[in-house]
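Heads up, the thing below is written out as structure tokens.
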Amino acid sequence: MTSTILNTADYQQQLDEKAERIQNIFVDFDTPELEVFASPAEHYRMRAEFRVWHEGEDLFYIMFNQETREKYRVDQFPAASRLINDLMPMLVDAIKPIKALRHKLFQVDFLSTLSGEILVSMLYHRQLDDEWTAEAEQLKQRLNDEGFKLNLIGRARKMKIVLNQDYVIEQLKVHDRTLTYKQVENSFTQPNGEVAQKMLEWAVDCTQDSEGDLLELYCGNGNFSLALAQNFERVLATELAKPSVDSAQYNIAVNNIDNVQIIRMSAEDFTDAMEGKREFRRLKDQNVDLQSYNCNTIFVDPPRSGMDEGTCRMVQSYERIMYVSCNPETLKENLDILCETHKITRFALFDQFPYTHHMEAGVLLERK
């Protein structure tokens, strides 16, 4: 048995080093005291992907050393959720004796939840047939009989077989509320469930005494939109990826939230619409009257590349800007513009990715 070892005794030290590093990145800005939100030291990742290695009649999970690219066997993965670790050996042991399931299987992806649901995607270098489907159905039943809440997906080139759904239903606690989220395979979701809850609580706290409406760019599946809706009269949110928009609509309905509207639109197009540069039929089709919104606060959670200058300039027109970033370097570039007009009043580090160099940051800016 091989497991990827985490030096959990070093967790606090690595978190302290990140805190020092992020403060150094923003040393030229007038930042308040850094708020640090720790991760569990192990079993924090809700997602994991493993290659599958075949050796005679045996097969097992492998990963690659990122520096040397050498492969190593993985039977347990302490960074992943307990649910993933519980399922890993049972799944591979169940697949081994069944040729239809093991033949040309090259990767297994896990998507788990704090709520207890798990989705497994099995990827193949061959086309899948009725025999595969029948065996996969039996595999799914056997594992669910063991107490798992499991769905299965088979993938091959231009093929996707879903048994019985391609998503999980997550439940996140935000202070005294529990919010339900549909999380679809291969769509973006926050990888660290416990830290995701802390991020939502921080965002709710930052906007506690808000007036008017909230505009949100890059809203994904409505992760922040739903939590923040309680602090605003209305929330208008944009997202470009269609699966995320569909999930967001589901999440709005299942949580009985009636003051959030999601538009499928890029941040750049939305900037043009807000500034009256172009008219967009989809806004008319959804009866969205941008002029009817009284948005004093804007929330942005952009991709790693950050925001382009035009979007930054548009964002400057709001009294308060809440910015969550997965890349402090592009956040710093954007703050060079935003801090012309606004000052940083909250500053946070969220340890989404322990034991790596990655850092998630949050800032609240208010007009000077």
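The values are calculated or read from the model by the stated rules, or taken from the named source; none is laboratory data. Computed from a predicted model, the values in this text were never measured in an experiment. As a convention, Cβ positions derive from the backbone with ideal geometry for all residues, glycine included, and neighbour counts pool all protein chains shown. When the accessible area is computed, the model is the full protein with side chains, heavy atoms only, and any ligands, DNA or RNA have been set aside. Shrake-Rupley method; radii C 1.70, N 1.55, O 1.52, S 1.80 Å.
If you scan region 81-93, which residues turn out to be part of a helix (DSSP H, G or I) and buried (at least 18 other Cβ atoms within 10 Å of the Cβ)? Spell out how you get there, then give the answer.
Looking only at region 81-93, we keep the residues that are part of a helix (DSSP H, G or I), and these are 82-93.
Those that are part of a helix (DSSP H, G or I) and buried (at least 18 other Cβ atoms within 10 Å of the Cβ): Leu83, Ile84, Asn85, Leu87, Met88, Leu91, Val92.
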Handout entry: Inter-residue pairs, beta-carbon under 7 Å, first free of Cβ contacts under 8 Å to residues at least 12 places away in the same chain and farther than 16 Å from Gly220 by Cα and in region 254-279, second open to solvent by 30 Å² or more (accessible area, probe 1.4 Å) and part of a loop (DSSP other than H, G, I, E, B), 6+ apart
Key = Asp272/Arg278
Practice task
For residues that are open to solvent by less than 10 Å² (accessible area, probe 1.4 Å), of a type in the set (A, V, I, L, M) and touching a helix residue (DSSP H, G or I) at 6+ places or on another chain (Cβ under 8 Å), scanning just region 101-129, find the one that is nearest to Tyr61 (Cα to Cα).
Solution key: Val108
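Of the residues Glu67, Glu49, Glu33, which single one is in a loop (DSSP other than H, G, I, E, B) and in contact (Cβ under 8 Å) with a residue 60 or more places away in the chain?
Values: Glu67 fails: in contact (Cβ under 8 Å) with a residue 60 or more places away in the chain; Glu49 fails: in a loop (DSSP other than H, G, I, E, B).
The unique qualifying residue is Glu33.
Kindly indicate which of Glu319, Glu340 is of a type outside the set (Gly, Ala, Ser) and over 23 Å from Gly276 (Cα atoms).
Working: Glu319 fails: over 23 Å from Gly276 (Cα atoms).
Answer to the check: Glu340.
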Exercise for the section: Among the helices (runs of 4 or more DSSP H) lying completely within region 179-266, list those that include at least 1 residues that are under 19 Å from Glu319 (Cβ atoms). Expected result: 193-206, 223-228
Exercise for the section: Go over the candidates Glu201, Glu137, Glu211 one by one and state the one that is under 27 Å from Phe60 (Cβ atoms), open to solvent by 20 Å² or more (accessible area, probe 1.4 Å) and of a type outside the set (A, V, I, L, M, F, W, C). Expected result: Glu137
Practice task
State whether the residues of region 160-175 include one that is buried (at least 17 other Cβ atoms within 10 Å of the Cβ), among the aromatic types (Phe, Trp, Tyr), at pLDDT 95 or above and not in a strand (DSSP E or B).
Solution key: no
